[in-house]
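The values are calculated or read from the model by the stated rules, or taken from the named source; none is laboratory data. All figures in this text were calculated on a predicted structure; none of them were measured in a lab. Ideal geometry is used to build each Cβ from the backbone, glycine not excepted, and the neighbour counts take in all protein chains shown.
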Amino acid sequence: MTAFIALVRRDLRLFFLDKRAMTMSFVAPIVIASFFGYLFGGASDREPSKVAVAIVDQDGSSVSRRLIAALSAEKLLEVTPRTLENARESVRTGKTTVAAIIPAGFGAGAVGGLLGGGRKPNVDILYDPSRATEVAMIRGMLAQHLMGAVGAELGGGRPLSLPFEVRDEAVTSRKGVTYNSMAHSFAGMSVQFVLFMGIDAGMIVLLQRRSGIWKRLQAAPISRFTLIGSRAASATLIAMIILTVVFAFARVVFGVKIEGSFVGFVAVCAAFSLVTATFGLLIAVFGKTPEGTRGISILVTLILVMLGGSWVPTFLFPQWLQKATVAIPTRWAVDGMDAMIWRGLGLSEAVGPVAALLGFALVFGALAVWRFRWQES
Amino acid sequence: MLAATGLHKRYGSLVAVENVSFEAHPGEMVGLLGPNGAGKTTTVSMIAGLLAPDAGEVRIDGALVRGETDPVKRRMGFVPQDLALHDELSASENLALFGALYGMRGAALRDAMGRAFEIAGLADRAHDRVGTFSGGMKRRLNLASALLHDPQILLLDEPTVGVDPQSRNAIFANLEMLKAQGKTLVYTTHYMEEAERLCDRIIIVDHGKVIANDTLDAVRRLVPGVNVLELDIDNPGPGDWAAALRQLDGVEAVACEGRTLRVTVRDLLDISPRVLLWLRDGGYRCSHMASQRADLETVFLTLTGRSVRNA
């Protein structure tokens, strides 16, 4: 036990002595999580970015003018009148997301079309294909305001409104608690960077194998379990320290609270830390040289992180992929953290992710022990 | 007593160590000599438990050494050829770690660390980061680290590689002190002069095989009558200019290093004149000549036909 503790203490000491690497372990997830969190909503009620829309009014009727006025009043849109050529060029160069072309005779044609007589006029939409998702939103707004504008024309100036009101509610842990997009962002990024630390833990073993230190360890009367176990223990502790610092920052700066079970959150973090440590051991065991192993380890980590939903939520994945990613440990870590942080779920909801993560850790650890090369070939 | 019997190690088709056997007794320093790649490190690695031999066994006082956690391993200290130190940690942190590997802690560890620092001559640098040490200081600490648990047997794998003369002498003094204390030392090196200075018993290894195993004097007697002529040539030729000297009867080997020509001869009185005549006829001028007894380098050269450094 003396040797085990000494080896764990050494690993922790080496981690804290490497100021640059240690700082990066804390700063990188915080900076990137803050950026993504801000991008996807942030913690405050900041004004959302507007979508640039060009309107080419070839009609000049009261209908088209009402339509342009209604669209201009939308908070999410930045409407600019343009000529057809100018609008097309603006969309092509990416300065404008969507251009709507209201052809001559549109007002009269639209009124006739609504009443069931005559040929319906076209509204041509030019859009930037890289932002296709915003086209649907603008198409919906256009339809809504067109109805209003045509209705006003028919009703002597009174706009035609929808026959119902929509009320929506973001369902969070409880009433009064608003969704903080920093919560998911910090969960995802901390998972990613803790895994990167796991790579480093494995790399250290590979580097040590080249040095006399490894030979001295082999010459000492210690078992491979002491050697592997101490490495796993130290990596688990370091992972827990990183998670603690990162989430403490999120709590203090962005107000990210553990709305659910705190014990459950700690359990998910601890289980994921163990997965990270055993993942590092796999790298140490299966890697041949540090140079050759680093690249493939980073690639594997990025794939794990991507499929685990750290970058984008898994609901955006195709259905089959959503089902397939349950075989990815990072998915359980991110979902488990989300459940405990902003969904505000209880300890019982942490049991599944914790059990899954411990299962992964067990498999990784067993593989590492099985394939561990005590001697150099 | 350390007894290695029939050690054998193969890597694929390469036989690294073939049937190596020897004994090392308390108060004795055994030198394992040979060129790089001869199998010295592999042999010591098998003794230290770093490598499992394909055949053969290692015993310490009759007890077989086997397994990772065999308590018999506590009787050995190992000084690897590569520095086994953490540059980022202080000297005392390094020693504390290596002591803990042998279960040492508390006052016993502190006392052992104190003794180790005295041996290394680094007591005043105990709390300094090892990364700030010179190569020689690191080598001394590397040696001291293996002594913490007071092993009965010390295995030293090329412990003076890259060491300055001052540290080398300090290491030699330490080894002689340990020998005087009754420790058993096994010392690998390809520096023949080190072995001649330190070792009581010489084991010459080449291509994994033991080609000589005896006391220093007995090994020297393996090449009776052999002497080395050392000549300073004022106008040496280009390249391997003296290669033709090897064709002379009685010339065992020829080595040129700058202006110095070393010729190994079987019979000093008979062959030396022929060498001098060859030089004179070739138009070479000799400003100085000396002869010396066969050293281990010469023995190796004579037994293998190759120089240790060129092997």
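Looking only at segment B:121-180, residues that are within 30 Å of residue B:72 (Cβ to Cβ) and polar (S, T, N, Q) come to 5 in all.
Applying a threshold of 6 Å to beta carbon distances and a minimum spacing of six or more residues, or different chains, the list of pairs starting in segment A:297-309 at a residue that is closer than 21 Å to residue A:202 by Cα and in the same structural domain as residue A:322 (by TED's automatic domain parsing) and ending at one that is surrounded by fewer than 18 Cβ atoms within 10 Å (Cβ to Cβ) and not polar (S, T, N, Q) is empty.
Annotation note: of B:52, B:63, B:16, B:48, the sole residue that is in contact with a helix residue (DSSP H, G or I) (Cβ under 7 Å, 6 or more places away or on another chain) and free of Cβ contacts under 8 Å to residues at least 12 places away in the same chain is B:63.
When residues in segment A:260-290 are screened for being more than 16 Å from residue A:347 (Cβ to Cβ) and not β-branched (Val, Ile, Thr), 13 of them pass.
When you look at residue A:260, is it within 21 Å of the chain's Cα centre (by Cα) and in contact (Cβ under 8 Å) with a residue 12 or more places away in the chain, yes or no?
Details: within 21 Å of the chain's Cα centre (by Cα): yes; in contact (Cβ under 8 Å) with a residue 12 or more places away in the chain: yes.
Yes; evaluated as a whole, the condition is true for this residue.
Exactly one residue out of B:20, B:44, B:58, B:79 is of a type in the set (A, V, I, L, M) and away from chain A (no Cβ under 14 Å), and it is B:20. Which condition does residue B:132 not pass, out of (1) surrounded by 21 or more Cβ atoms within 10 Å (Cβ to Cβ); (2) at pLDDT 90 or above, if it passes all the others? Only one criterion in (1) surrounded by 21 or more Cβ atoms within 10 Å (Cβ to Cβ); (2) at pLDDT 90 or above is unmet by residue B:132, namely (1).
Within the set B:121, B:31, B:27, the sole residue that is buried (at least 23 other Cβ atoms within 10 Å of the Cβ) and either in contact (Cβ under 8 Å) with a residue 12 or more places away in the chain or of a type in the set (A, V, I, L, M, F, W, C) (or both) turns out to be B:31.
Looking at segment A:284-295, can you tell me whether even one residue there is over 30 Å from residue A:41 (Cα atoms) and crowded, with 21+ Cβ neighbours inside 10 Å? Yes, segment A:284-295 contains a residue that is over 30 Å from residue A:41 (Cα atoms) and crowded, with 21+ Cβ neighbours inside 10 Å.
Do you know which residues across segment B:65-86 are in a loop (DSSP other than H, G, I, E, B), small (Gly, Ala, Ser) and either modelled with pLDDT of 90 or more or crowded, with 16+ Cβ neighbours inside 10 Å (or both)? Quick ask: steps written out before the conclusion?
Pass one, segment B:65-86, residues in a loop (DSSP other than H, G, I, E, B): B:65-70, B:80-86.
From what is left, the residues that are small (Gly, Ala, Ser) are B:67, B:84.
Scanning segment B:65-86 gives a single hit, B:84.
Where helices (runs of 4 or more DSSP H) sit wholly within segment A:254-356, those with at least 3 residues that are under 30 Å from residue A:372 (Cα atoms) occupy A:262-286, A:290-307, A:329-341.
State whether the residues of segment A:347-368 include one that is touching a residue at least 40 places away in the same chain (Cβ under 8 Å) and under 18 Å from the mean Cα position of the chain (by Cα). Checking segment A:347-368: not a single residue is touching a residue at least 40 places away in the same chain (Cβ under 8 Å) and under 18 Å from the mean Cα position of the chain (by Cα).
With the structure loaded, tell me whether residue B:125 is at the interface with chain A (Cβ under 7 Å from one of its Cβ atoms) and over 21 Å from the mean Cα position of the chain (by Cα) or whether it fails that test. The answer is no for residue B:125. Consider residue A:336 carefully, then state whether it is surrounded by fewer than 19 Cβ atoms within 10 Å (Cβ to Cβ) and among the small types (Gly, Ala, Ser). No. Taking the condition of being hydroxyl-bearing (Ser, Thr, Tyr) and within 22 Å of residue A:31 (Cβ to Cβ), how many residues in segment A:219-270 meet it? Selection size over segment A:219-270: 1.
Scanning segment B:142-176 for residues that are aliphatic (A, V, I, L, M) and farther than 19 Å from residue B:75 by Cβ yields B:161, B:163, B:170, B:171, B:173.
Where in segment B:219-311 are there strands (runs of 3 or more DSSP E), lying wholly inside it, with at least 3 residues that are modelled with pLDDT of 85 or more and surrounded by 15 or more Cβ atoms within 10 Å (Cβ to Cβ)?
Working: elements: B:227-233, B:251-257, B:260-265, B:286-293.
Result: B:227-233, B:260-265.
Residue A:369 fulfils the conditions (1) under 16 Å from residue A:286 (Cα atoms); (2) modelled with pLDDT of 90 or more except for a single criterion, (2). Of all residues in segment A:214-228, exactly one satisfies the criterion of being facing another protein chain (nearest Cβ under 8 Å), closer than 12 Å to residue A:369 by Cβ and outside any loop (DSSP other than H, G, I, E, B), namely A:224. Can you tell me how many residues within segment B:134-149 are within 14 Å of chain A (Cβ to nearest Cβ) and within 16 Å of residue A:216 (Cβ to Cβ)? Within segment B:134-149, residues that are within 14 Å of chain A (Cβ to nearest Cβ) and within 16 Å of residue A:216 (Cβ to Cβ) number 11.
Residue-level analysis places residue A:369 outside the set of residues that are closer than 30 Å to residue A:182 by Cα, of a type in the set (A, V, I, L, M) and in a helix (DSSP H, G or I).
Being surrounded by 18 or more Cβ atoms within 10 Å (Cβ to Cβ), without any contact (Cβ under 8 Å) to a residue 40 or more places away in the chain, in a helix (DSSP H, G or I) and among the hydrophobic types (A, V, I, L, M, F, W, C), is that true of even one residue in segment B:168-177? The answer is yes, given that some residue of segment B:168-177 is surrounded by 18 or more Cβ atoms within 10 Å (Cβ to Cβ), without any contact (Cβ under 8 Å) to a residue 40 or more places away in the chain, in a helix (DSSP H, G or I) and among the hydrophobic types (A, V, I, L, M, F, W, C).
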